[in-house]
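The values are calculated or read from the model by the stated rules, or taken from the named source; none is laboratory data. Just so you know, these numbers come straight off a predicted model, no measurement behind them. For neighbour counting, all protein chains shown are included, and Cβ atoms are generated from backbone atoms with ideal geometry for every residue, glycine included. The protein model used for the area step is the full one, side chains on, heavy atoms only, and it has no ligands, DNA or RNA in it. Shrake-Rupley method; radii C 1.70, N 1.55, O 1.52, S 1.80 Å.
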Amino acid sequence: MKRILTIVAAAVLLAAGCGGGGAGGGSGNRIFIATGGTTGVYYVYGGGLAKQLSANIPGTQATASVTSASVENIKLLVSGKAQLGFSQADTAADAVNGKDTFTGKQPIKALARIYDNYTHLVVAPGVAANRVADLKGKRVSLGPANSGTQVIARRVLEAAGLDPDADVTKQQLSINESVQAAKDGTIDAFFWVGGLPTAGITDLAASRPDIKILDTTDVLQKMQATYGQQYVPLDVDLTVYKLTGAVKTVGIANVLLVPDSMDEQLAYDITKTLFEKKAELTAVHPEAEKLDPALGQQVAPVELHPGAARYYKEKA
């Protein structure tokens, strides 16, 4: 299934690269939105946003594409194969600073901060693990390659004193694959960093209600000391997954990114549509309820695109 999705996504994105995205041109705006896995929030949210952009910006055809999420999305924006992409704020910060995964500063701008991601550390039924350090020696998926989930998973493990490449049996599975592996008993735990609720985890909890979602805040202070205050404590009400109780976890903001070369008017129109169609987007996924122009401007260290900045100035 992953192979099929990857081939489909690659074909769509190749078409984007060949078809001419952005403003202008006889065929109007073709906007390919780089999202994430099909059972994650990025994909659902991106699909809703694509519908609104197509309906509300004249001459625009927008499509949401399956990707590995944050890191890959930024690479797709820079290569011209996508025009709009979701990313975690930590990955976006690495991109504009040319750090960690990125060997140079990436030419991207932000349209908005949209909602916060929650670190889900899901432990399969019957596995003895109650904190991050207990994962030593266990089979753990850190998320797919080129994903923001993997960036955070590695940082969480390192903050707990574990080497992600030596102290766990590492796998790099998508959210869909992680859920299936947890059902099958072929992994002991997996990381997923996303909004609430994430459909894949809802599905897993329905069939395996004895899973555990661990508190990860014992590593938060170390992560903040190493990477800054971009990581924050968030509460997860487990009833969103029809489980009991609540846990605290590491959170990170999400941002919508575009190439810095995007036409100013198009960036303005996308930003305006995002906020003016909040009700329609919330009907697609509840995380869109968090949309707020005051919060939307908080994208540092990424710079706002001039088109987005113009929208916020008008709303002030």
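For the range 124-143, check the following and say yes or no: at least one residue is farther than 30 Å from residue 248 by Cβ, in a loop (DSSP other than H, G, I, E, B) and open to solvent by less than 30 Å² (accessible area, probe 1.4 Å). Within the range 124-143, none of the residues are farther than 30 Å from residue 248 by Cβ, in a loop (DSSP other than H, G, I, E, B) and open to solvent by less than 30 Å² (accessible area, probe 1.4 Å).
Pairs linking a residue in the range 224-246 that is under 29 Å from residue 298 (Cα atoms) and touching a residue at least 24 places away in the same chain (Cβ under 8 Å) to a residue that is among the β-branched types (Val, Ile, Thr) and in a helix (DSSP H, G or I), with Cβ atoms under 8 Å and 6 or more positions apart or on different chains, are 240/202.
When residue 44 is tested against (1) open to solvent by less than 30 Å² (accessible area, probe 1.4 Å); (2) under 21 Å from residue 202 (Cβ atoms); (3) aliphatic (A, V, I, L, M), just one condition goes unmet, and that condition is (1). Evaluating residue 237 against the criteria (1) open to solvent by less than 60 Å² (accessible area, probe 1.4 Å); (2) under 23 Å from residue 284 (Cα atoms); (3) more than 15 Å from the chain's Cα centre (by Cα) leaves one unmet condition, (1).
For the range 134-176, residues that are hydroxyl-bearing (Ser, Thr, Tyr) and within 18 Å of residue 219 (Cα to Cα) total 1. Show the residue pairs that are 6+ apart or on different chains and have beta-carbon atoms under 8 Å apart, the first residue being within the range 191-206 and open to solvent by 40 Å² or more (accessible area, probe 1.4 Å), the second being not in a helix (DSSP H, G or I). If the second residue must be not in a helix (DSSP H, G or I), the pairs left are 199/39; 199/40; 202/242; 203/39; 206/242. Under the condition of being of a type in the set (A, V, I, L, M) and in a helix (DSSP H, G or I), the residues counted in the range 156-178 number 4. Restricting attention to the range 92-123 and to residues that are of a type in the set (Asp, Glu) and farther than 24 Å from residue 176 by Cα, the residue that is most open to solvent (accessible area, probe 1.4 Å) turns out to be 100.
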